[in-house]
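Worksheet: one structure, shown below.
The values are calculated or read from the model by the stated rules, or taken from the named source; none is laboratory data. From a predicted model like this one, the values you see are computed outputs, not experimental measurements. FYI the Cβ positions are ideal-geometry reconstructions off the backbone, even for glycines, and counts take in every protein chain you see. For accessibility, only protein heavy atoms count, side chains too; no ligands or nucleic acids. Shrake-Rupley method; radii C 1.70, N 1.55, O 1.52, S 1.80 Å.
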Amino acid sequence: MLNNPVWAALSGPQAGYAEAAGDAARYLPEIAPFCAVSDTADPAAWRDLATLTDHAVLTGPSISPPPGWVQDSRTHGVQMVGTAMTAVDDPEAVPLTEHDVPEMLELVARAQPGPFRKRTIELGRYLGIRTRDGRLISMAGERFRMPGWTEVSAVCTDPEFRGQGLAARLTVAVAAGILARGELPFLHTVQDNDGAIRLYQRLGFEHSADVVFASFRYTGKP
């Protein structure tokens, strides 16, 4: 499942957030940009995907589409798993709801943690830390969810408040909620973000796989 987390999520616990066709699926556009096929080596699955969208963002250890798809971008990343970590709640972390989404989108625009859309919050539990005057300055939450695993995602801190350990605290707090359900946390980060990788290692995450995040357009041309 960890090799194809989007497919495992959309064909499993998060099927209610999917548009699906045969061996392909994608999140509803207002939820997340990610798509998946059951087997990236199967041209028939890619044909199913083409009935859903002509622009697809996928992730996995290796993604090589058949003719008719053109790559727009590719980012190298790492997947990390918290199979042996312990985690605790944070007393200053507050639950975030749909009423907080405008602030969350503003924070994402400043901090650039990766894709986060108006309805992404529906995928799981999100926590934030606010200043004394109520300003949201850090957040983290849950995104891909499959049997036994939930991804920690959207970990970010306003640039003005970085260096205070806020992202680490929220990562641990979100992981605590995942562990409390009897699941295991995992996460992704870009391969050249050495600071984030070292942080997650200190928190108890271990390298699971090198992955790519790639965007493709369907042209239909061989």
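Structure notes:
- Any hit, segment 139-153, residues being touching a Cys at 6+ places or on another chain (Cβ under 7 Å), of a type outside the set (F, W, Y) and assigned to a strand (DSSP E or B): yes
- For segment 88-114, a residue qualifies if it is under 20 Å from P159 (Cβ atoms), open to solvent by less than 40 Å² (accessible area, probe 1.4 Å), outside any helix (DSSP H, G or I) and not hydrophobic (A, V, I, L, M, F, W, C), and exactly one does: G114.
- Test: residue in segment 1-11 that is open to solvent by 30 Å² or more (accessible area, probe 1.4 Å), within 24 Å of H188 (Cα to Cα) and part of a helix (DSSP H, G or I): yes
- Checklist (1) outside any helix (DSSP H, G or I); (2) touching a Gly at 6+ places or on another chain (Cβ under 9 Å) applied to G134, failing item: (2)
- The residue pairs whose first member lies in segment 44-71 and is in a helix (DSSP H, G or I), whose second member is open to solvent by 80 Å² or more (accessible area, probe 1.4 Å) and modelled with pLDDT of 95 or more, and whose beta carbons are closer than 8 Å, counting only pairs six or more residues apart or on different chains, are L49/Y218; A50/Y218.
- Residue check, R198 touching a strand residue (DSSP E or B) at 6+ places or on another chain (Cβ under 7 Å), closer than 23 Å to N3 by Cα and of a type outside the set (A, V, I, L, M): no
- Residues of segment 168-222 classified as among the acidic types (D, E), assigned to a loop (DSSP other than H, G, I, E, B) and open to solvent by 40 Å² or more (accessible area, probe 1.4 Å), total: 1
- Residue in segment 17-34 that is open to solvent by 40 Å² or more (accessible area, probe 1.4 Å), within 17 Å of E122 (Cα to Cα) and either free of Cβ contacts under 8 Å to residues at least 24 places away in the same chain or in a loop (DSSP other than H, G, I, E, B) (or both) present: yes
- Filter pass, R117 being more than 21 Å from G195 (Cβ to Cβ) and assigned to a strand (DSSP E or B): no
- Verdict on R143 being in contact (Cβ under 8 Å) with a residue 24 or more places away in the chain, basic (K, R), within 23 Å of L2 (Cβ to Cβ) and open to solvent by less than 70 Å² (accessible area, probe 1.4 Å): yes
- A87 vs. criteria among the hydrophobic types (A, V, I, L, M, F, W, C), closer than 30 Å to D133 by Cβ and in contact with a Leu (Cβ under 9 Å, 6 or more places away or on another chain): yes
- Test: V57 is touching a strand residue (DSSP E or B) at 6+ places or on another chain (Cβ under 8 Å), open to solvent by 10 Å² or more (accessible area, probe 1.4 Å) and aliphatic (A, V, I, L, M): yes
- Cβ-Cβ distances below 7 Å connect the following pairs, each with a first residue in segment 74-97 that is closer than 23 Å to F34 by Cβ, a second residue that is in a loop (DSSP other than H, G, I, E, B) and of a type outside the set (S, T, N, Q), and a separation of six or more residues or different chains: Q79/L2; M80/F205; V81/F205; G82/G204; G82/F205.
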